[in-house]
There are 2 protein chains.
Amino acid sequence: MAQGMQSPTGQSLLFLTDEQLRKGIEAMFFAYRGFTADPDRILAEQGYGRAHHRAIHFIHRNPGTTVNNLLAVLGVTKQSLNRVLRSLIADGLVASEVGQRDKRERHLTLTAEGAALERSLSDAQRDRMRHAYRTAGPDAVAGFRQVLEAMMDEEMRVFYDALKDKTDER
Amino acid sequence: MAQGMQSPTGQSLLFLTDEQLRKGIEAMFFAYRGFTADPDRILAEQGYGRAHHRAIHFIHRNPGTTVNNLLAVLGVTKQSLNRVLRSLIADGLVASEVGQRDKRERHLTLTAEGAALERSLSDAQRDRMRHAYRTAGPDAVAGFRQVLEAMMDEEMRVFYDALKDKTDER
DNA sequence: GTTGGAATGTCAACAAGACTGACGTATTAT
DNA sequence: ATAATACGTCAGTCTTGTTGACATTCCAAC
């Protein structure tokens, strides 16, 4: 498949054809569709969309986070996020509390109901991820993560690493 | 990392924690953002969106494809695709020709101008993919593809494989 | 202290792009 | 002849992104 070679500098050189790269591109396209398919179905039943899923995921992941914080991770405008948050708060899935130290901030947490939806969404997504991991095998999983991490923008990897470290600390 | 074990049936068993799976989920989220970032920038300059990119990509990949064919691969409604195709045809990036065998069909191809845009889009995307592949190394690349393929819906893998085979035949 | 700027968050209006439903037309298949 | 297929289009709705305007709060300079 992909041939590797060590250069004198010690850097790995890969001879990658356009065809090999295009297959990777198409794999990303089709796989991402599958990746979001199961949560999308659950969300549609509740009248929510993918934006709600993202908000719920990162609030669950980082309880008490501020709107600004969430903005940076999600990479959308605050107005766009606000619409999503407003409906989640109105429906009682997310709680918004005025910050004690800084009253401009709102600290976001999931309610019991919100946590239940988060659970059903992440269960579905984990099931698919688990299936993919088991089918591909442990070596493939390591490679999968390595390529994805190298594909991120630098700025985004900061957030990714921050989330990763959080669990490592526990 | 991910521990593997051979079961008596020969099937690989992996003990996957929720944490490991969630890291994979978050890696997909952030990586896909990077994956689309470069083309999105180019498209925005021209007043196009991601939908135009998808159409251009698969027309390039499958020259002479019909509208119905494209519909199935892209997984959108014809009304949605039509809006995109209409603008691409009006702008002279895509040519639509009545089928010779079946005059109901429209066969879609890229014009020279359309091919030029496709080139700049896929160049940008390939650059990022190449960087990720080189950073991760050849073994990682194989694993990356295996996991992604196992993550697709069955129906989508049909299209993915059809595209893959096309290049293998050449 | 007061004031002005920066930060945080909300509301309003608009656009892209997805969807459904209905309909028209040309062509092919039965 | 009639039915089914392939395609295009109009109309309307929804999600989710955008900008612009605005209120509140904090902080630092005066």
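Which of the residues belonging to the stretch B:55-81 are within 9 Å of DNA strand D (Cβ to nearest atom) and either part of a helix (DSSP H, G or I) or closer than 18 Å to B:LEU93 by Cα (or both)?
B:THR65, B:THR66, B:VAL67, B:ASN68, B:ASN69, B:LEU70, B:LEU71, B:LYS78, B:GLN79, B:SER80, B:LEU81
Residue by residue, here is whether (1) closer than 28 Å to B:ALA27 by Cα; (2) within 12 Å of another protein chain (Cβ to nearest Cβ); (3) surrounded by fewer than 19 Cβ atoms within 10 Å (Cβ to Cβ); (4) small (Gly, Ala, Ser) holds:
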| residue | (1), (2), (3), (4) |
| --- | --- |
| B:HIS53 | yes, yes, no, no |
| B:THR111 | no, no, yes, no |
| B:SER122 | yes, yes, no, yes |
| B:ASP139 | yes, yes, yes, no |
Candidate set: the stretch B:143-162, residues that are hydrophobic (A, V, I, L, M, F, W, C) and crowded, with 17+ Cβ neighbours inside 10 Å; chosen: the one farthest from the other protein chains (Cβ to nearest Cβ): B:PHE159
A:THR17: passes all of (1) hydroxyl-bearing (Ser, Thr, Tyr); (2) at pLDDT below 95; (3) within 13 Å of DNA strand C (Cβ to nearest atom) but (3)
Considering residues of the stretch B:76-95 that are touching a helix residue (DSSP H, G or I) at 6+ places or on another chain (Cβ under 7 Å) and surrounded by fewer than 16 Cβ atoms within 10 Å (Cβ to Cβ) only, the residue nearest to the other protein chains (Cβ to nearest Cβ): B:LYS78
The correct count of residues that are part of a helix (DSSP H, G or I), more than 10 Å from DNA strand D (Cβ to nearest atom) and among the small types (Gly, Ala, Ser) in the stretch B:88-120 is 5
Considering (1) touching a Pro at 6+ places or on another chain (Cβ under 7 Å); (2) farther than 16 Å from A:HIS53 by Cβ, say which one A:GLN125 fails and leave the rest. (2)
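Quick one: in the stretch B:103-119, of everything that is touching a helix residue (DSSP H, G or I) at 6+ places or on another chain (Cβ under 6 Å) and not aliphatic (A, V, I, L, M), which residue is nearest to B:ASP40 (Cα to Cα)? Working first, answer last.
Of the stretch B:103-119, the ones touching a helix residue (DSSP H, G or I) at 6+ places or on another chain (Cβ under 6 Å) are B:106, B:108, B:110, B:118.
Imposing the further condition that a residue be not aliphatic (A, V, I, L, M) reduces the set to B:106, B:118.
On the way: B:ARG106: 28, B:GLU118: 13 Å.
So the residue we want is B:GLU118.
The values are calculated or read from the model by the stated rules, or taken from the named source; none is laboratory data. Predicted, not measured: the structure shown is a model, and the values here were computed from it. Methodologically, a virtual Cβ is constructed for each residue, glycine included, from the backbone with ideal geometry; neighbour enumeration extends over all protein chains shown.
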